[in-house]
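To keep things clear, I will list the structure first and then write my remarks on it.
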Ligand SMILES: NC(=O)c1ccc[n+]([C@@H]2O[C@H](COP(=O)([O-])OP(=O)(O)OC[C@H]3O[C@@H](n4cnc5c(N)ncnc54)[C@H](O)[C@@H]3O)[C@@H](O)[C@H]2O)c1
């Protein structure tokens with residue numbers, strides 16, 4: 001294929017050269033002078049777009065230099081990236097391209113940016129968002145052996161545009177990577193949260209290092225190796241479904257105790273506090289969501305599942321109770337329905353139902369079909385609105401809201 005590359009910097013040049021090595025022809029344009037034995041360097045965006053099938057854009061989305069992390073940033077006011085360069089380049093590329101061509105943006109942007117800033121400006125050609133998970137030092141290798149290919153489209157469906165890009169990558173990639181096709185916004189999220197997961201992981205293991213230094217008698221490697229090999233829960237797809245918050249007799253309590261430890265050891269920061277704070281605000285957000293619907297429709301609130309997890313009687317650290325606590329803050333006393341806690345209740349009136357339990361998600365790892373079978377604790381009266389934070393429940397007779405899925409269905 002004939003490929004155009006706009007922005008042949010740290011990411012763009014090694015990628016453009018890797019594409020040439022796979023037998024394609026690449027023309028590259030950059031505002032800085034560049035040299036390559038493989039990529040034909042051209043002197044304008046127009047030339048980079050001329051007579052090409054696909055044009056990639058890998059120009060910077062810079063931050064204020066004060067925000068790059070080499071000096072403290074936590075005290076600075078949070079700021080978005082700057083999109084001026086991407087805007088300028090896309091507007092110009094759009095002028096020189098037509099519907100037979102595909103314009104592909106690689107640059108990293110925050111969720112919502114593509115739809116808000118760029119899509120309205122791309123009128124002449126076809127467009128997809130395709131962020132890269134590439135690390136400096138191994139750009140060319142990462143390019144042809146990616147963990148996944150993300151392709152963002154308008155509605156998250158595999159359009160012909162996405163298919164064209166996948167077909168192209170099939171000629172370039174060496175590891176037969178999985179392809180994730182989502183909305184622009186979903187792919188923006190995958191990219192930035194992928195990086196944030198890494199930052200969180202590094203912060204956590206380095207926290208154990210700090211604890212070792214302060215506590216004594218600890219080799220951080222013994223601790224992190226044990227955790228790294230915990231493939232049942234920690235290093236696994238477990239706990240990767242968004243839903244109700246962490247609960248039970250141990251986790252919330254342990255975090256609270258660890259806040260005390262952070263103080264005692266003088267760590268100077270308290271990630272546990274941030275985690276517990278987020279857990280509470282997330283519960284309050286969910287409660288407000290229920291209360292708003294209950295107010296609007298004049299319905300009571302039922303919390304389907306009171307124990308901290310399905311099919312047990314324990315109320316310790318129950319996130320259902322925490323959500324109920326916040327419902328009460330907004331003047332709604334919920335009714336709990338859970339036969340395992342003795343809260344047998346058969347509602348006769350419709351209401352707003354929070355489906356707090358999902359046995360299939362909670363117990364999937366056991367492989368036990370009975371334990372992992374979802375269970376309805378009551379009949380849901382017709383006219384109810386069901387809010388399911390696990391996005392599993394379907395009904396022909398009641399409205400169901402899959403909390404966390406805001407795609408237009
Ligand atoms: N470097 C990485 O490992 C990496 C990984 C994933 C994503 N990204 C994202 O890719 C984008 C590019 O990153 P990078 O590291 O290659 O940055 P970079 O600064 O090394 O390269 C960008 C290039 O674009 C050029 N450029 C600037 N304005 C231009 C214009 N108007 N027309 C044409 N070229 C122009 C610059 O001269 C530069 O050579 C960023 O959004 C970054 O977040 C980078």
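Structure summary
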{"read-out": "Estimated distance in nm for a label pair at residue 335 and residue 22, the labels positioned 7 Å out from Cα along Cα-to-Cβ", "value": "5.9 nm"}
{"read-out": "Computed helical MRE - 222 nm, the chain, DSSP H runs ≥ 4 contributing -39500 (n - 2.57), nearest 500", "value": "-11000 deg cm²/dmol"}
{"read-out": "Directionally averaged projected area (convex hull, Cα atoms, the stretch 49-101), nm²", "value": "4.7 nm²"}
{"read-out": "D (Stokes-Einstein, µm²/s), Kirkwood Cα radius, the chain, 1.002 mPa s at 20 °C", "value": "87 µm²/s"}
{"read-out": "Relative contact order (percent, whole number), the chain, Cα cutoff 8 Å, 6+ residue spacing", "value": "9 percent"}
{"read-out": "Highest-first arrangement of 283-289, 226-232, 303-309, 41-47, where packing means the average Cβ count within 10 Å", "value": "303-309, 283-289, 41-47, 226-232"}
{"read-out": "Cα-only radius of gyration and Dmax that characterise the stretch 202-296, units Å", "value": "16.7, 58"}
{"read-out": "Rg [Å, one decimal], Dmax [Å, integer] - the stretch 1-67, C-alpha atoms", "value": "12.1, 41"}
{"read-out": "Percentage, to the nearest whole number, of Cα pairs in the stretch 120-186 over 15 Å apart", "value": "53 percent"}
{"read-out": "Degrees separating the helix 319-329 axis from the principal Cα axis of the chain, which is the longest one", "value": "80 degrees"}
{"read-out": "Rounded tilt (10° steps) of 184-215 against the dominant C-alpha axis of the chain", "value": "70 degrees"}
{"read-out": "Packing rank of 95-101, 2-8, 74-80, where each peptide gets the mean count of other beta carbons within 10 Å, highest leading", "value": "2-8, 95-101, 74-80"}
{"read-out": "Taking only Cα atoms of the stretch 333-375, radius of gyration then Dmax in Å", "value": "12.8, 37"}
{"read-out": "Candidates 48, 18, 71: whichever shows maximal mean-square fluctuation once the chain is modelled as a Gaussian network with Cα springs under 10 Å", "value": "71"}
{"read-out": "Range of Cα positions in the stretch 1-118 per principal axis (Å), largest first", "value": "48, 31, 23"}
{"read-out": "D_trans [Stokes-Einstein, Kirkwood Rh over alpha-carbon pairs] for the stretch 265-409, 20 °C, 1.002 mPa s, µm² s⁻¹", "value": "133 µm²/s"}
{"read-out": "Share antiparallel - DSSP beta bridges, the chain, percent rounded to 5", "value": "5 percent"}
{"read-out": "For the stretch 143-277, alpha-carbon Rg over 2.2 N^0.38 Å", "value": "1.41"}
{"read-out": "On Cα atoms only, tilt of 271-297 relative to the major axis of the chain in degrees", "value": "80 degrees"}
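No value in this document is a laboratory result; all are computed from the given coordinates. Remember, predicted model here, so these are calculated numbers, not experimental data. When we count neighbours, we look across all protein chains shown, and the Cβ atoms used for this are built from the backbone with ideal geometry, even at glycine.
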